[in-house]
Amino acid sequence: MHIITVGLSHKTAPVELRELLAVPDSRMGEALQRLRTYPGIKEGMLLQTCNRVEVYAVVDQVESGFSAIQEFLVDSHLSLSAEQLLPHLYWHSGERTISHLFRVTASLDSMVVGEPQILGQVKEAFRLALTHNASGVILNKLVKKAISVAKRVRSETRIAENAVSVSYAAVELAKKVFGNLSARTVMLVGAGEMAKLAAQHLVNHGVRQVLLTTRDPVRARSVANRFQGLPIPFEEFRSEMAKADIVICSTGASHYLITAEDVLRAVRERKNRPIFLIDVSVPRNIDPAVRDVDNAFLFDIDDLEMHIEQNREERRAESVKAEVIAHEEVEVIQKWLQSLVATPTIVALRKRAEDIKQAELAKAFHRLSALSDQDREAVEGLASAIVNKLIHGPLVALKSATQSSNGSVYIDAARRFYDLDMSGNPQGGDSCVSTPQEISDQAKLNPSVAQVDVRPLVDPKVSHESQK
Amino acid sequence: MTVVFFQITLGLYFLGTVTFLICLVRRSEGLSKVALGLAGLGFFTHTVALALQLWSGDELKWVTFQKAMSFFSWSLVLVFLVAATRQYLQVLGSFILPLAFLSLVSTAILPAEAPILHPMFQGVWVHVTLSMLGTVGFAVAFVAGLMYLMQERLLKSKQFNVLSFKLPPLDFLDRLNQRSILLGFPFLTLGILTGAISAQISLGAYLSWNPEQIWALITWVFYLIVLMGRVTVGWRAKKAAYLTIVGFAGVLLTFLGVILKSSGASVS
């Protein structure tokens, strides 16, 4: 059994395509159930955000799993052809799938590294997969681990500490001036989207009152209602400015609406209490000369961009630490998967030995039909003793293999020496060559062992190195 | 024994100062804890040293400038350690500890035997203690003003670095400035009154117009004006920050007056 993922993200596909791929929430349940009907798919989860659409699945065979998921994606979005979709997809299997899931959940693969929404989106995708019984033991364990890794990254690094959006940067800078924002008043001059967003953030951070002015009094009233704010006639906003601690300006005007004299007057009226001005309009609406007014702090869109660019750089530096954490955790989960693979190998080895013993005994008794019951018991005892002694060493080694870092080598060796992979490896890489006779023998001998072959999940480098 | 403890304290304050200054430009939780630990340890040895000095008895009536400065340094660190438990205020250490260290250094540099006043008036230590507590308030106001100007400069020039991250918000610093003066002022007032009384007893005149008294009065009037100015004409924010820095210079000149007077007294 293999863990794979197929999907596309902001890194591989344009937004037009991502939009087309999104499955409406109302149809997620149906989509998950349909995913399970594709051949070879044992478990599945569908993760979709505005920046990515990904299918995680536990499948019998990697290659057929990839094509099944591809088919699923095309079938789910009839407006898209396979030719349109294929160039934008990425495929991961085994360790890379785990690592990818961990990085995505920890917001290391996000467009804005460190953004907090992705964790909630993964949780939601997982919840849906659980509700519709699409996920199973392996995916459940993996996704839960991914969520805990994301939390660890958030608590141990500063990846999500600083603002990386313009509207939020306004809040962060306002806090540098005022500390606590409760009992503060913000004035919106003009009501551009970015200004409204910034005002919303400020209100969420406790700003008490919103004053609002636009040239169109009707619009002023409607926007003011949204913030339970107070509309102010446009002609009077300059004289009212002294009441505002924070002024956000975003109009379409082509000239300076607020001059240094206006601000100077406001600061005087405020008895030198600082005033914080944000100009998000292009061209600018606040005279840059305001910078020279004492106790007035003016930030235009470039200043805010510069601020968040610095924060982004810090996030990039922090993401290195986060990558290390994700990598560590991939190793942890691999140990678990290893134990998952060791147990069935032990069971299969016991069964194989027992089957060979029984088959050989049957052949022998057929030839030696004259044996007394006592002799038969003695021969059976002899066969059992030989078989048990022969497999004792390998069994002990396999049991301890789950604890060691190169356990996969033992498991792999046992499976080869005792020919436990009767169907062969689907990728054809490392299974031993069997004659048709042997394969049919194995099929007879070994029909019911529940094998979970997750060897490709185990780091191939480790086994190669150990083999050297 | 006392000397040894003072020397250990001096060493710890020095290390604390260096660590706290590094903390200003580097973001490291561990380093902040080390700095705080050094300050705490230094405060402990300082307390022991002061206690030993008190117990040694007869020295008490000989209130020297050194002892006053040592007490000032000790009170500063005490105020910081109490304040450091609050949000934003750990960064105070980067400013207060250097000040405390320098005050303690001054006790080591200045001539050892220079009593402030002739030991005729037993209660002179009341005057010194009150004045020093007032000075602690002004020192914190000075530090708040300094931090205000730094943060203001960083915001104006749009520099968002570790320092701007560590420094508290402007509004917080402005209120810290005001409250420190409000706390320091009554102590200074009482300090000056008790000083005048002790002068009357020892020298026979409430006011003899020596540099110490002149600067003390100027400082007192200055801080009174600063406080009034805030309420009436809005001397807050940047202006208040500048004024408290100037005011603290007045305090330092008063100290200088004390030293000059003492050394003059010891010569005569």
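The values are calculated or read from the model by the stated rules, or taken from the named source; none is laboratory data. This structure is a prediction, so every number in the text was calculated from the model and none was measured. Don't worry about glycine lacking a Cβ; one is built from the backbone with ideal geometry, like all the others, and counts go over all protein chains shown.
For the stretch A:240-294, give me each residue that is of a type in the set (Lys, Arg), in contact with an Asp or Glu (Cβ under 8 Å, 6 or more places away or on another chain) and under 21 Å from residue A:198 (Cα atoms).
Pass one, the stretch A:240-294, residues of a type in the set (Lys, Arg): A:243, A:265, A:268, A:270-271, A:273, A:284, A:291.
Those still in the list that are in contact with an Asp or Glu (Cβ under 8 Å, 6 or more places away or on another chain) too: A:273, A:284.
Hit for the stretch A:240-294 is A:284, nothing else.
Out of curiosity, is residue A:307 in a helix (DSSP H, G or I) and in contact with a Lys or Arg (Cβ under 8 Å, 6 or more places away or on another chain)?
Yes; evaluated as a whole, the condition is true for this residue.
Search the stretch A:202-224 for residues that are assigned by TED's automatic domain parsing to the domain that holds residue A:182 and surrounded by fewer than 16 Cβ atoms within 10 Å (Cβ to Cβ) and pair each with any residue that is of a type in the set (A, V, I, L, M, F, W, C) and assigned to a loop (DSSP other than H, G, I, E, B) when their beta-carbon atoms are under 7 Å apart and the residues are at least 6 apart or on different chains.
So the pair list comes out as A:206/A:181; A:208/A:183; A:219/A:191.
Report every pair of residues separated by at least 6 positions or lying on different chains whose Cβ atoms are under 7 Å apart, first residue within the stretch B:240-268 and more than 26 Å from residue B:224 (Cα to Cα) and modelled with pLDDT of 80 or more, second β-branched (Val, Ile, Thr) and surrounded by fewer than 14 Cβ atoms within 10 Å (Cβ to Cβ).
none
Quick check: is even one residue across the stretch A:6-25 in a loop (DSSP other than H, G, I, E, B) and farther than 28 Å from residue A:111 by Cβ?
Looking through the stretch A:6-25, none of the residues is in a loop (DSSP other than H, G, I, E, B) and farther than 28 Å from residue A:111 by Cβ.
Hey, could you check the stretch B:155-167 for residues that are part of a helix (DSSP H, G or I) and more than 14 Å from residue B:241 (Cβ to Cβ) and say which is nearest to the other protein chains (Cβ to nearest Cβ)?
B:164
Can you tell me how many residues in the stretch B:165-180 are hydrophobic (A, V, I, L, M, F, W, C) and under 16 Å from residue B:96 (Cα atoms)?
Residues flagged as hydrophobic (A, V, I, L, M, F, W, C) and under 16 Å from residue B:96 (Cα atoms) within the stretch B:165-180 amount to 3.
Check the stretch B:225-239 and report whether any residue there is in contact (Cβ under 8 Å) with a residue 24 or more places away in the chain, of a type in the set (A, V, I, L, M) and within 14 Å of another protein chain (Cβ to nearest Cβ). Steps first, please.
Just the residues of the stretch B:225-239 that are in contact (Cβ under 8 Å) with a residue 24 or more places away in the chain, to begin with: B:226-227, B:230, B:236-238.
So of that shortlist, the ones also of a type in the set (A, V, I, L, M) come out as B:226-227, B:237.
Now narrow it down to the ones that are within 14 Å of another protein chain (Cβ to nearest Cβ): B:226, B:237.
Yes, the stretch B:225-239 contains at least one residue that is in contact (Cβ under 8 Å) with a residue 24 or more places away in the chain, of a type in the set (A, V, I, L, M) and within 14 Å of another protein chain (Cβ to nearest Cβ).
Go through (1) away from chain B (no Cβ under 12 Å); (2) surrounded by 15 or more Cβ atoms within 10 Å (Cβ to Cβ); (3) over 17 Å from residue A:167 (Cβ atoms); (4) not acidic (Asp, Glu) and name the single condition residue A:283 misses.
(2)
Quick check on residue A:283: is it at pLDDT 90 or above and under 30 Å from residue B:159 (Cβ atoms)?
no
Where in the stretch A:40-124 are there helices (runs of 4 or more DSSP H), lying fully within it, with 2 or more residues that are out of contact with any Pro (no Cβ under 8 Å at 6 or more places or on another chain) and either acidic (Asp, Glu) or not assigned by TED's automatic domain parsing to the domain that holds residue A:135 (or both)?
Because the criterion is at least 2 residues that are out of contact with any Pro (no Cβ under 8 Å at 6 or more places or on another chain) and either acidic (Asp, Glu) or not assigned by TED's automatic domain parsing to the domain that holds residue A:135 (or both), the helices (runs of 4 or more DSSP H) in the stretch A:40-124 that meet it are A:62-76.
Evaluate the following for residue A:196: is it touching a residue at least 24 places away in the same chain (Cβ under 8 Å) and of a type in the set (Lys, Arg)?
yes
Within the stretch A:288-302, which residues are buried (at least 19 other Cβ atoms within 10 Å of the Cβ), assigned to a helix (DSSP H, G or I) and facing chain B (nearest Cβ under 10 Å)? Talk me through it step by step, then tell me what you get.
Filtering the stretch A:288-302 for residues buried (at least 19 other Cβ atoms within 10 Å of the Cβ) gives A:290-291, A:293, A:295-300.
So of that shortlist, the ones also assigned to a helix (DSSP H, G or I) come out as A:290-291.
Correct list: A:291 only.
Can you confirm whether the stretch A:314-330 contains a residue that is modelled with pLDDT under 90, touching a strand residue (DSSP E or B) at 6+ places or on another chain (Cβ under 9 Å) and surrounded by 21 or more Cβ atoms within 10 Å (Cβ to Cβ)?
No, the stretch A:314-330 contains no residue that is modelled with pLDDT under 90, touching a strand residue (DSSP E or B) at 6+ places or on another chain (Cβ under 9 Å) and surrounded by 21 or more Cβ atoms within 10 Å (Cβ to Cβ).
Residues of the stretch B:204-216 being in contact (Cβ under 8 Å) with a residue 12 or more places away in the chain and either exposed (fewer than 15 other Cβ atoms within 10 Å of the Cβ) or part of a helix (DSSP H, G or I) (or both), which ones?
Initial filter on the stretch B:204-216 (in contact (Cβ under 8 Å) with a residue 12 or more places away in the chain): B:210-216.
B:211, B:212, B:213, B:214, B:215, B:216 - these are the residues of the stretch B:204-216 that are in contact (Cβ under 8 Å) with a residue 12 or more places away in the chain and either exposed (fewer than 15 other Cβ atoms within 10 Å of the Cβ) or part of a helix (DSSP H, G or I) (or both).
Suppose the filter is within 30 Å of residue A:166 (Cα to Cα), in contact (Cβ under 8 Å) with a residue 60 or more places away in the chain, within 12 Å of another protein chain (Cβ to nearest Cβ) and of a type in the set (S, T, N, Q); does residue A:311 pass it?
Criteria met by residue A:311.
Among the numbered criteria (1) within 14 Å of another protein chain (Cβ to nearest Cβ); (2) over 44 Å from the mean Cα position of the chain (by Cα); (3) at pLDDT 90 or above, which single criterion is violated by residue A:272?
(3)
I need a count of the residues in the stretch A:260-299 that are among the β-branched types (Val, Ile, Thr), in contact with a strand residue (DSSP E or B) (Cβ under 8 Å, 6 or more places away or on another chain) and over 17 Å from residue B:238 (Cα atoms). Steps first, answer last, please.
Step one: list which residues in the stretch A:260-299 are among the β-branched types (Val, Ile, Thr), which gives A:263, A:267, A:275, A:278, A:280, A:282, A:286, A:290, A:293.
Then drop every residue that is not in contact with a strand residue (DSSP E or B) (Cβ under 8 Å, 6 or more places away or on another chain), which leaves A:263, A:267, A:275, A:278, A:280, A:286, A:290.
Those left that are additionally over 17 Å from residue B:238 (Cα atoms): A:278, A:280, A:286.
Summing the residues that are among the β-branched types (Val, Ile, Thr), in contact with a strand residue (DSSP E or B) (Cβ under 8 Å, 6 or more places away or on another chain) and over 17 Å from residue B:238 (Cα atoms) in the stretch A:260-299 gives 3.
Given the conditions (1) among the charged types (D, E, K, R); (2) without any contact (Cβ under 8 Å) to a residue 60 or more places away in the chain; (3) surrounded by 19 or more Cβ atoms within 10 Å (Cβ to Cβ), and given that residue A:43 satisfies all but one, which numbered condition is not satisfied?
All conditions are met except number (2).
Go through (1) surrounded by fewer than 19 Cβ atoms within 10 Å (Cβ to Cβ); (2) among the charged types (D, E, K, R); (3) over 38 Å from the mean Cα position of the chain (by Cα) one by one and return the number of the condition residue A:245 breaks.
In the conditions (1) surrounded by fewer than 19 Cβ atoms within 10 Å (Cβ to Cβ); (2) among the charged types (D, E, K, R); (3) over 38 Å from the mean Cα position of the chain (by Cα), residue A:245 misses (1) alone.
Test each condition in (1) modelled with pLDDT of 90 or more; (2) surrounded by fewer than 21 Cβ atoms within 10 Å (Cβ to Cβ); (3) within 14 Å of another protein chain (Cβ to nearest Cβ) for residue B:170 and report the one that comes out false.
If we test residue B:170 against (1) modelled with pLDDT of 90 or more; (2) surrounded by fewer than 21 Cβ atoms within 10 Å (Cβ to Cβ); (3) within 14 Å of another protein chain (Cβ to nearest Cβ), just (2) comes out false.
Scan (1) among the basic types (Lys, Arg); (2) free of Cβ contacts under 8 Å to residues at least 12 places away in the same chain; (3) farther than 30 Å from residue A:312 by Cβ for the single condition residue B:156 breaks and write down its number.
Result: residue B:156 fails condition (3) only.
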